[in-house]
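The values are calculated or read from the model by the stated rules, or taken from the named source; none is laboratory data. A quick note: this is a predicted structure, and the numbers were derived from the prediction, not measured. Virtual Cβ from ideal backbone geometry, glycine too; neighbours counted across all protein chains shown. When the accessible area is computed, the model is the full protein with side chains, heavy atoms only, and any ligands, DNA or RNA have been set aside. Shrake-Rupley method; radii C 1.70, N 1.55, O 1.52, S 1.80 Å.
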Amino acid sequence: MPAQRSQSLQITPDLLLQAYSVGVFPMAESAEDPTLFWLEPEQRGILPLDKFHLPKRLARTVRRNVFEIRIDHDFAAVIDGCAEPAAGRRKTWINARIRELYGALFQRGQCHTVEAWRDGKLVGGLYGVEIGAAFFGESMFSRETDASKVALVHLVARLKAGGYRLLDVQFTTQHLKRFGAIDIERAAYQRLLDRAIAGKADFYRLAGGGTSDSVLQLTSQTS
């Protein structure tokens, strides 16, 4: 996995987008480390939108509207949630520069959140970057059972409705493989990426703002 360390102050939002467009993304060693390094994995994780698997139990949760889904409502709270310690992860890679860079992209409309709320509290969600018809998922979190999973279902529905061609998840996990995520070689990924970023998509095209019926219709393949 090639990695190249960079002084974080040299990275701008425009440079960040350029890096994504050629298959590279940044990370930090820890929240305390002020520097970033670039990653270009030999194997890239993607979630094919036309092969998304929606488990039946999760479909029932979506149908019951357990969570209120909000879009681009509170980026700072979402990235705070993503930076929290979680099972199997004591430390976060989200440092101050990551927060600044993606916050700047959010203000420009090039970074989006899908948020799960319950009783007025943010209980899960995710954020990612868009270029053309490509969406690059960055991180997700959950404070209640199924909160991040429901946010992912809503994201996939929104991407399918909006004409996106690629959902990049960077690295596959057993959790993401359950939904259909796969690993592909770098060259194959680059071909998909080139076609996707040359396309056009609309993150807000989802009819009705994303009702449970419309979301389930778009993500109807179940297992």
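Per-residue ellipticity at 222 nm for the chain, helices alone: DSSP H runs ≥ 4 residues times -39500 (n - 2.57), over residue total, nearest 500 deg cm²/dmol?
-10000 deg cm²/dmol
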Task: Crossing angle, helix 147-162 versus the chain [Cα axis fit, 0-90 degrees, rounded to tens] - done: 90
- [ ] On a 0 to 90° scale, report how tilted helix 186-197 is relative to the longest principal axis of the chain, with both axes built from alpha carbons and the result rounded to the nearest 10.
- [x] 70
Task: Net charge of Cβ neighbours under 12 Å - reference Val62; Lys, Arg +1; Asp, Glu -1 - done: +4
- [ ] Give a residue-ordered list of calculated ³J(HN,Hα) values for the range 119-127 (Karplus: 6.51 cos²θ - 1.76 cosθ + 1.60, θ = phi - 60°; whole Hz; x for Gly, Pro).
- [x] 6, x, 10, 6, 10, x, x, 7, 9
TODO: List the lysines whose Cα lies under 25 Å from the Cα of Lys51, skipping any in the same chain that are fewer than 8 positions away.
DONE: Lys149, Lys160, Lys177, Lys200
Open item on the list: Just to confirm the number: angle between the C-alpha axis of helix 96-107 and the first principal axis of the chain, 0 to 90 degrees, nearest 10?
Closed with: 60
TODO: Could you please report the charge total around Arg186, scoring K, R as +1 and D, E as -1 over all other residues with beta-carbon less than 14 angstrom from its beta-carbon?
DONE: -4
Open item on the list: Given a 1.4 angstrom probe, I'd like the percentage of the accessible area of the range 120-223 that is carbon and sulfur, rounded to a whole number.
Closed with: 50
